[in-house]
Amino acid sequence: MEIKKENKFKRFFKRYGALAVAGVFVAGVVLAVAFAVTSISSNVNDPTEDVSGGVMKFGLPMEDAVVVKDFAEDRLQYNSTLKRWEIHLALDLSSTKQDVFSVYDGVVASVKNDGSDGCTITVNHDNGFVSVYSSLGEETNVKEGDKIKKGDKIGIAAATAVNELADGGHLHFTMLLNGKEVDPNNYLDLQNK
């Protein structure tokens, strides 16, 4: 009489099969919960989500604007005034209507005039966003500490930025998120102006 030897796999599965199936099930549940928590926490930390549950919808800083010089963090653009190649961490806009508007509700952090950027208005918004409007005319419609709404006129585009005089009258628009320059194209609906 011959005794059959069970292979090791069958013997292991007979002894621990139920545990193996339970382990796979538990691992699946843990992964599903981890994915759900990650998804929820990424939505909570999304800087464009308003606390009221709506998404921040930025307006345009100028009506009927065209892009004179685009945001360029990873490539060089030629600066005709300074006659050199450089990165451009802003969006230069021009329009026959030179009025400049706030892109979102906020508080005016500063109104200053310096040689390189000209007259500049900085506005603090919710969720770590800051908008900076440079190369404005000397007369502005706001002062430091003013609470403003999306679409409020804050100034007029001009040619006051000495480092971009060759570009003529325009708005040098910068957006920051948590202190770092970000591409305004990712937040402004310039295609449907």
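The values are calculated or read from the model by the stated rules, or taken from the named source; none is laboratory data. From a predicted model like this one, the values you see are computed outputs, not experimental measurements. Glycine gets a Cβ as well: all are built from the backbone with ideal geometry, and neighbour counts include every protein chain shown.
Considering only the stretch 131-140, state which residues are surrounded by fewer than 19 Cβ atoms within 10 Å (Cβ to Cβ) and not acidic (Asp, Glu).
Correct list: Val132, Gly137.
For residues that are within 22 Å of Lys69 (Cα to Cα), among the hydroxyl-bearing types (Ser, Thr, Tyr) and not in a strand (DSSP E or B), tally how many sit in the stretch 105-141.
1
May I ask you to verify whether His88 is surrounded by 13 or more Cβ atoms within 10 Å (Cβ to Cβ), assigned by TED's automatic domain parsing to the domain that holds Glu144 and either modelled with pLDDT under 95 or closer than 15 Å to Val68 by Cβ (or both)?
Yes: the conditions hold for His88.
Please pick out the residue among Leu76, Leu89 that is in contact with a strand residue (DSSP E or B) (Cβ under 7 Å, 6 or more places away or on another chain) and within 20 Å of Ala157 (Cβ to Cβ).
Leu89
Taking the condition of being assigned to a loop (DSSP other than H, G, I, E, B), surrounded by fewer than 16 Cβ atoms within 10 Å (Cβ to Cβ) and modelled with pLDDT under 95, how many residues in the stretch 150-168 meet it?
2
Of all residues in the stretch 66-85, count the ones that are modelled with pLDDT under 90 and not in a strand (DSSP E or B).
4
Which one of Val44, Val55, Val30, Val21 is aliphatic (A, V, I, L, M), exposed (fewer than 14 other Cβ atoms within 10 Å of the Cβ), at pLDDT below 60 and farther than 21 Å from Ala161 by Cβ?
Going through Val44, Val55, Val30, Val21 in turn, the sole match is Val44.
Identify, from the list Ser116, Ser134, the residue that is under 25 Å from the mean Cα position of the chain (by Cα), at pLDDT below 95 and of a type in the set (S, T, N, Q).
So the residue among Ser116, Ser134 that is under 25 Å from the mean Cα position of the chain (by Cα), at pLDDT below 95 and of a type in the set (S, T, N, Q) is Ser116.
Pairs, please: C-beta under 8 Å, at least 6 apart or cross-chain, first residue basic (Lys, Arg) and in the stretch 135-152, second part of a strand (DSSP E or B) and surrounded by fewer than 16 Cβ atoms within 10 Å (Cβ to Cβ)?
Listed pairs, sorted by first residue: Lys147/Val107.
Determine which member of the set Leu176, Leu188 is in a loop (DSSP other than H, G, I, E, B), at negative phi and under 10 Å from the mean Cα position of the chain (by Cα).
Step by step, each of Leu176, Leu188 is checked, and only Leu188 is in a loop (DSSP other than H, G, I, E, B), at negative phi and under 10 Å from the mean Cα position of the chain (by Cα).
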